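Working notes for the structure below.
Read-outs throughout are calculated quantities, based only on the coordinates presented, and are distinct from any laboratory measurement. Only a predicted model underlies this, so the values are computations on that prediction, with no experimental measurement involved. When we count neighbours, we look across all protein chains shown, and the Cβ atoms used for this are built from the backbone with ideal geometry, even at glycine.
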Amino acid sequence: MATFTGAPLSQATNGRPIPVVAVATAGTALHIVGAAGYEEIYLWASNVTAIAATLTVEFGGVSDPGDHLVKGYSIPANSAPIPIALGQRMSGGVTIRAFSGTASAINITGFVNKVV
């Protein structure tokens, strides 16, 4: 029987929001998936500025479009958290990254369920 263990994103200090500072690929690291088992990834994005900003989330690589979960997705100004990934499963030690057209406009929050 599988065991589910919840955990914060690996790049979030004490579970705090991760500012997306990168403006191009390779994006700001959000989470490094463990090498064993699978992880269900949950991400939310909020815009903390007064103008809309675009978000691209890279899932495991940087090739366009093959590794993009979302590409150039517009996050409204001063937004509450918007769901981006709701349980997508990943494995194999890959890195999940994000970049925006505006540095530090978008914060990412989330968690993972480790499935072993």
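Using 0.36 nm per residue and subtracting the Cα-Cα separation, the extra length available between residue 36 and residue 4 on full extension is 10.2 nm. The magnitude of the dipole of the chain, with charges of +1 and -1 set on the Cβ of Lys/Arg and Asp/Glu and taken from the Cα centre, is near 160 debye.
Estimated at 0.36 nm per residue, the fully extended path between residue 103 and residue 50 surpasses their Cα-Cα distance by 17.8 nm. Each of (1) 0.97; (2) 0.93; (3) 1.17 is a candidate for Rg/Rh (Cα atoms, Kirkwood Rh); the one calculated from this structure is (1).
For residue 87, neighbours were defined as the other residues whose beta-carbon sits under 11 Å from its Cβ, and their charges (Lys and Arg +1, Asp and Glu -1) total -1. Note on residue 24 and residue 116: with the Förster distance fixed at 35 Å, the Cβ-Cβ geometry gives a FRET efficiency of about 0.50.
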